[in-house]
1. Looking only at the stretch 92-106, decide whether some residue is surrounded by 16 or more Cβ atoms within 10 Å (Cβ to Cβ), in contact with a strand residue (DSSP E or B) (Cβ under 9 Å, 6 or more places away or on another chain) and aliphatic (A, V, I, L, M).
2. Criterion first (aliphatic (A, V, I, L, M), at pLDDT below 95 and farther than 14 Å from residue 137 by Cα) does residue 18 satisfy it?
3. Looking at this structure, is residue 50 touching a helix residue (DSSP H, G or I) at 6+ places or on another chain (Cβ under 7 Å), surrounded by 13 or more Cβ atoms within 10 Å (Cβ to Cβ) and either touching a residue at least 60 places away in the same chain (Cβ under 8 Å) or at positive phi (or both)?
4. Please determine whether any residue of the stretch 102-109 is polar (S, T, N, Q), within 24 Å of residue 6 (Cβ to Cβ) and not in a strand (DSSP E or B).
5. Could you tell me whether the stretch 61-73 includes any residue that is without any contact (Cβ under 8 Å) to a residue 12 or more places away in the chain, among the basic types (Lys, Arg) and part of a helix (DSSP H, G or I)?
Amino acid sequence: MNALYWSGAVFSCLALVLISAIIPWAVYTRYILNSAASWPEPLAVLLTIAVTFIGAANCYRQRIHMNMTVGTNLLPPHARVVAAFISELLMAAVALFMVIWGMKLVMATWGNSVDEFPWLSVGITYMPIPVSGAMMFLFVVERLTIGPPPQDGSDAHIPLD
């Protein structure tokens, strides 16, 4: 699971670097050269969408996503465990929903192309939805079967000897 997590992290970091390079280029061409390029803004939007979905899956694995613990903190310890298990099952359902309906969306739009990039299928632009759903589902399975990943970044699931 660490390989999947780190792949998502590397992809997201590279996408953020590209966004950070593309936006100044768009500003430069628009205001300095007085000739705005048509591709920077839509590419930055597509990369932002990918970062958001893949990053959300990674944040879920590390438990740094938004959550509300006010209600569960008031529960007795055993009920907290049950609530956490139910939460994981609900997250698995959401992840499967993203995979199934995301793939349907990808397949339904595969034949269309993005206006600014005629060579790019609209289906590819929706691909982060099922990919992040699959990642989240695998992270739920990981959490339910072998436990959450350690907070220090090491992989406690791999024996050292």
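The values are calculated or read from the model by the stated rules, or taken from the named source; none is laboratory data. Because the structure is predicted, anything quoted here is derived from the model rather than measured. Here the Cβ positions follow ideal geometry from the backbone for every residue, glycine too, while neighbour counts run over all protein chains shown.
1. Yes, the stretch 92-106 contains a residue that is surrounded by 16 or more Cβ atoms within 10 Å (Cβ to Cβ), in contact with a strand residue (DSSP E or B) (Cβ under 9 Å, 6 or more places away or on another chain) and aliphatic (A, V, I, L, M).
2. On the way: aliphatic (A, V, I, L, M): yes; at pLDDT below 95: no; farther than 14 Å from residue 137 by Cα: yes.
No: the conditions fail for residue 18.
3. Details: touching a helix residue (DSSP H, G or I) at 6+ places or on another chain (Cβ under 7 Å): yes; surrounded by 13 or more Cβ atoms within 10 Å (Cβ to Cβ): yes; either touching a residue at least 60 places away in the same chain (Cβ under 8 Å) or at positive phi (or both): yes.
The answer is yes for residue 50.
4. Of all residues in the stretch 102-109, those polar (S, T, N, Q) come to 109.
After this cut, where a residue has to be within 24 Å of residue 6 (Cβ to Cβ) as well, the list is none.
Checked the stretch 102-109: no residue is polar (S, T, N, Q), within 24 Å of residue 6 (Cβ to Cβ) and not in a strand (DSSP E or B).
5. Looking through the stretch 61-73, none of the residues is without any contact (Cβ under 8 Å) to a residue 12 or more places away in the chain, among the basic types (Lys, Arg) and part of a helix (DSSP H, G or I).
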